[in-house]
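Okay, structure first, notes after.
The values are calculated or read from the model by the stated rules, or taken from the named source; none is laboratory data. Predicted, not measured: the structure shown is a model, and the values here were computed from it. Positions of Cβ are generated from backbone atoms using ideal geometry, with glycine treated the same way; all protein chains shown enter the neighbour counts.
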Amino acid sequence: MSSTSLIKNAVTALYQYYGIPLLVFGCVGNVLNLLIFIRSQLKKNPCSTYFFYSSIANLNVIFLGLLSRILSDGFGIDPSSYNLGYCRFRYFILHSSMVLSSWFTILASVDRYCVSSKSARRRQLSSLKTSRFLVCSTTVIVLILYSHVWGLFTIEQLKTGPSCYAEAGFYRVFYDFFYFATFSFTPPVMMTIVGLGTFYNVHQSHTRVNPTDTNARKVDQLKKRDRQLIKMLLVQVTFTISLTLPLAIQKLYSTFTQNFVKSTYQQAVETLVTQVVRLLAFTNNSISFYL
């Protein structure tokens, strides 16, 4: 068996033996997240609003991204390669949801930064009204930004068979950079900046005097819940950056080398790398409950 065939078999095995368990754990974890964040103790917390809608976006990614890849690369079943309507619908919802999931995490990070601040004015920015407005406005903006997918994605005939993606030429280069900017680059950078600011605020809060009266203890209990959400968020931000950054690097490499002449073996290796970093990105949408 040739090296190229071995690599193709490795891609198939990757989705069958890693993708399927990831699909199951991702579905269960995100559904449990939804149940947790609608509890009365948490549903009034603005940060929970962002986590709740992030979990919905994650489920979209799991079903339209991970499940579709398992069927196409693991079992050779790909409706998006012959149905143009489904091709455009899938990428519109998939990429919009991946972007929304990351940006909801950014908004949660900003919310925790405000809550952890010593400034009363900044703490007032954290409210249910603000979180609901930002969720709605962010969703509308992202859907509008990705609306061009409906008209400019197509089914292209490749040597390996039909494939659904952005039209070849200028639009494909534009789309890869656009996707890179909105998902793979800007969110990790912003998460890092806001996360460091939140970490600094939490560190500074440790110097505050412990409460002694009953009312102060109640306030402190609320702050403890906020601190738990902050810790959970910082862990999630770390994993998000680690799991999505490889996709950013791969996207840039693919865009800059798309016109290079490559051997069959090199193409197979690049396909394997692409599938690995893609699975890492799907992992990010599947593990938040288990962190």
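Numbers at a glance
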item	result
Residue in region 32-39 that is free of Cβ contacts under 8 Å to residues at least 24 places away in the same chain and under 17 Å from the mean Cα position of the chain (by Cα) present	yes
Criterion (on the phi < 0 side of the Ramachandran plot and at pLDDT 95 or above) met by exactly one of Arg123, Arg112, Arg88	Arg88
Residue in region 198-210 that is in contact with a Ser or Thr (Cβ under 9 Å, 6 or more places away or on another chain), modelled with pLDDT under 90 and of a type in the set (Gly, Ala, Ser) present	yes
Residues of region 42-81 satisfying the condition of being over 16 Å from Leu107 (Cα atoms), polar (S, T, N, Q) and in contact (Cβ under 8 Å) with a residue 60 or more places away in the chain	Ser80, Ser81
Search result, residues across region 250-290 that are closer than 26 Å to Cys27 by Cβ, part of a loop (DSSP other than H, G, I, E, B) and of a type outside the set (Gly, Ala, Ser)	Asn285, Ile287
Identity of the residue in region 20-56, assigned to a helix (DSSP H, G or I) and loosely packed, with under 13 Cβ neighbours inside 10 Å, that ends up modelled with the lowest pLDDT	Leu35
Every residue from region 1-19 that is surrounded by fewer than 14 Cβ atoms within 10 Å (Cβ to Cβ) and not polar (S, T, N, Q)	Met1, Leu6, Ala13, Tyr17
Positions within region 126-139 being farther than 20 Å from Ser96 by Cβ and either without any contact (Cβ under 8 Å) to a residue 12 or more places away in the chain or small (Gly, Ala, Ser) (or both), in sequence order	Ser126, Ser127, Lys129
Yes/no for Phe174 being at pLDDT 85 or above and surrounded by 16 or more Cβ atoms within 10 Å (Cβ to Cβ)	no
